[in-house]
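Structure first, then comments.
The values are calculated or read from the model by the stated rules, or taken from the named source; none is laboratory data. Keep in mind that this is a model prediction, so the values were computed, not measured. Reconstructed Cβ throughout: ideal geometry from the backbone, glycine too, with neighbour counts over all protein chains shown.
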Amino acid sequence: MKPVLQLDDVTFRRDSKQIIGGISLTVNEGEHWALLGPNGAGKSTLLGFCGAVTFPSSGSVRILGERMGRTDLAELRRSIGHINPRHRRQHPRTLREVVLTGITGTNDLPLRRTPTTEDVERAEAMLDTVGLSRISDSVWPTLSQGERGRTLISRALISGPRLLLLDEPSTGLDVAAREQLLATIDSLGEAHPDVASILVTHHLEELPSTTTHALLIAEGRTVASGAALETVNTENVTAAFSHPVQVGYHDGRWTARANATRMEV
């Protein structure tokens, strides 16, 4: 398998404070990684390296064989699909139009570029993949959070990326919408077997069943990394979150339950 992403001993400092302290990671084609850790662990910063958005203070980042700092980042980012449920829309676009912005990687449709017939057909095909073609003319503000999440998956896929970054994609979803979204993510492995992905979350219940590997971090450092079934366990999760957490695994999904502490009144 070919490596899609390679982080080599990366660090990051902001205002003399160390945010990331020497993390290494290799993601190969077709692998689906979970990036787990508590709030403030450095997950967003690490994802910024993976998306060719943030430069490390030291260490190296290679994406699709290209080293950051020695390649055209705008060109590189066209091969990276970024799914962020907090994605901002400047105008009330239809689902189809939102998906079309994935071709240019912009927040809105460029004024000087008119989508071709082929572009529109591809956008419709992407929406059909996630089960939303029937409402492709609906306007973004009218969508549910679950529909927005699936639309953003289509937007990320339309450019034919080799790496998908999912930044807490279940944010704001109820249980039913979360399960629909996770089922959509699981289906991507069959439709796009060579695409690698990294999903950021701090909730084990939000991990898709297709998760193959996991990286657990805390305070900007690696706690554990490797095959998901061997890595996402009670010992490692407890260490990452600095709290006793009982981890379960059943039918391809993980659960987590903290030991309750009663407060005296």
Study note, to complete from the structure: The condition from (1) surrounded by fewer than 18 Cβ atoms within 10 Å (Cβ to Cβ); (2) touching a helix residue (DSSP H, G or I) at 6+ places or on another chain (Cβ under 7 Å); (3) among the small types (Gly, Ala, Ser) that residue 214 misses is numbered (1)
Review point. Tell me, which residue of region 120-145 that is over 24 Å from the mean Cα position of the chain (by Cα), in a helix (DSSP H, G or I) and among the charged types (D, E, K, R) is surrounded by the fewest Cβ atoms within 10 Å (Cβ to Cβ)?
Key: 134
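Can you tell which of 189, 226 is assigned to a helix (DSSP H, G or I) and either touching a residue at least 40 places away in the same chain (Cβ under 8 Å) or assigned by TED's automatic domain parsing to the domain that holds residue 37 (or both)? Explain how you work it out, then say what you get.
Numbers: 226 fails: assigned to a helix (DSSP H, G or I).
So the residue among 189, 226 that is assigned to a helix (DSSP H, G or I) and either touching a residue at least 40 places away in the same chain (Cβ under 8 Å) or assigned by TED's automatic domain parsing to the domain that holds residue 37 (or both) is 189.
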Practice item. Select from region 217-258 the residues that are over 24 Å from residue 17 (Cβ atoms) and charged (D, E, K, R) and write down the one among them that is surrounded by the most Cβ atoms within 10 Å (Cβ to Cβ). Key: 253
Check your understanding: residue 111: at pLDDT below 85, in the same structural domain as residue 145 (by TED's automatic domain parsing) and farther than 16 Å from residue 158 by Cβ, yes or no?
Key -> yes
Study note, to complete from the structure: region 1-97: strands (runs of 3 or more DSSP E) wholly inside it with 1 or more residues that are surrounded by fewer than 21 Cβ atoms within 10 Å (Cβ to Cβ) and on the phi > 0 side of the Ramachandran plot are 3-14, 17-28, 58-63
Practice item. From (1) under 25 Å from residue 217 (Cα atoms); (2) out of contact with any Leu (no Cβ under 7 Å at 6 or more places or on another chain); (3) of a type in the set (D, E, K, R), pick out the condition that doesn't hold for residue 78. Key: (1)
